[in-house]
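Trainee: Sharing a structure below in structure tokens format, with a few things to ask.
Only the coordinates and a few stated rules stand behind these numbers; no lab work does. As the structure is a prediction and not an experimental result, all values here were calculated from the model. With ideal geometry, Cβ positions are generated from the backbone for all residues, glycine too; neighbour counts draw on all protein chains shown.
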Amino acid sequence: MPDFWEVLYTRRSIREFKKGAPVEPWKIEKILDAARWAPSPENMQYWRMVLVRDQEMKEYIADMAQEHGATVFGNFPYEIVEDRLWYIPEKSRAAVIERAYDGTLFRYPEDADTVIVPCANTTAFDITPAYPSSTEVMVVSTSMAIQNMWLATRALNLGMGYDALPCGDHRRREKLADKLGLPRGVFPLTTLAVGVPLFPRTATPARYPLEGIVYEEYWGNPYKRLAFRKKG
């Protein structure tokens, strides 16, 4: 099993899975268990997960993802999308963009072994949380649970694809909630496709250096990495 830093640096968004390749149930359970250990204010644990293995339901999620993907990405000029996807090899870039335009790029939940639907739960407590923006706190907490699961998936040498398009607007979110039987006050945030990657994914966008994202003491004063500081 890779160590923590290897897991962190090699995590990728997987959008192509080996269809029909089973994932051992104990691995899915370990991934779900990782979510339990995410932080939350006052240990409120706002997250709830719906586990989807039914093929018809996975295809329903894929249909919603394709529909919304075509709506969102189909309106972008090719040049803008190409600039953002510079890290994809040029020979395959046009095909990837075309699949984004018609939404088929986002159908990967149907080929995954399992789809996890993380939900933020606003109804599990007898008292109102003492936060001015409790919904935002619930979303942030659930997002940290998602990150835990994503890293656990990579540690188990599996792939996870984050597909928020089925929850991309209020109408689709409500339809998905009804399809899953969610009570009012519990809303799905995204869908996480888990399975065996069809290909090992190595391409990834470059990350900004620390100096590009961290300021020291005040805004505009870039952080200087230790290797570049004068030794005194």
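Trainee: What number of lysine-lysine pairs in the range 4-207 show an alpha-carbon separation below 15 angstrom, given a sequence spacing of 8 or more or placement on distinct chains?
Mentor: Total qualifying Lys-Lys pairs in the range 4-207 comes to 4.
Trainee: Counting pairs of alpha carbon atoms under 8 Å apart in space and at least six apart in sequence, what relative contact order in percent does the chain give?
Mentor: Reported as a whole number, the value is 32 percent.
Trainee: Then there's this: Starting from the 7 Å offset along Cα-to-Cβ, what nm value, one decimal, do you get for the label separation of Lys18 and Val72?
Mentor: Reported label-point gap for Lys18 and Val72 is 2.9 nm.
Trainee: In the chain, if the dipole is taken from +1 on Lys/Arg beta carbons and -1 on Asp/Glu beta carbons about the Cα centre, which of Tyr60, Pro2, Ser40 is farthest to the positive end?
Mentor: Farthest towards the positive pole: Pro2.
Trainee: Less than 14 Å Cβ to Cβ from Glu216, Lys/Arg counted +1 and Asp/Glu -1: what total charge do the surrounding residues give?
Mentor: Around Glu216, the surrounding residues sum to +1.
Trainee: Per q in 0.14, 0.19 Å⁻¹, report the Debye log10 I(q)/I(0) for the range 1-90, using one uniform scatterer on each alpha carbon and no solvent.
Mentor: Per q value, in the given order, log10 I(q)/I(0) is -0.94, -1.25.
Trainee: A further question follows. For the residues Met44, Met160, Met64, what sequence is obtained by ranking on other C-beta atoms within 10 Å, fewest first?
Mentor: Details: Met44 16, Met160 27, Met64 24.
The fewest-first ordering by Cβ neighbours comes to Met44, Met64, Met160.
Trainee: Given that compact globular proteins tend to follow 2.2 N^0.38 Å, what is the ratio of the alpha-carbon Rg of the range 133-231 to that value?
Mentor: 1.53
Trainee: Ok, one more. If you count, for each residue, the other Cβ atoms within 10 Å and average over each peptide, how do 117-123, 29-35 line up from highest to lowest?
Mentor: 117-123, 29-35
Trainee: State to the nearest 20 debye the size of the charge dipole of the chain about its Cα centre, where the only charges are +1 on K and R beta carbons and -1 on D and E beta carbons.
Mentor: 700
Trainee: Say we join alpha carbon atoms closer than 10 Å with springs in a Gaussian network model of the chain; which of Gly161, Gly74, Gly212 then has the biggest fluctuation?
Mentor: Between Gly161, Gly74, Gly212, it is Gly212 that shows the largest mean-square fluctuation.
Trainee: Follow-up. With the dipole of the chain worked out from charges on the C-beta (+1 for Lys and Arg, -1 for Asp and Glu) around the Cα centre, which of Cys119, Ile80, Gly181 lies farthest toward the positive end?
Mentor: Result: Ile80, furthest along the dipole toward the positive end.
Trainee: Taking each pair of different alpha-carbon atoms in the chain once, compute 1/r for the pair, average those values, and report the inverse of that mean as the Kirkwood hydrodynamic radius in Å to one decimal.
Mentor: Over the chain, the inverse of the mean reciprocal pair distance is 19.6 Å.
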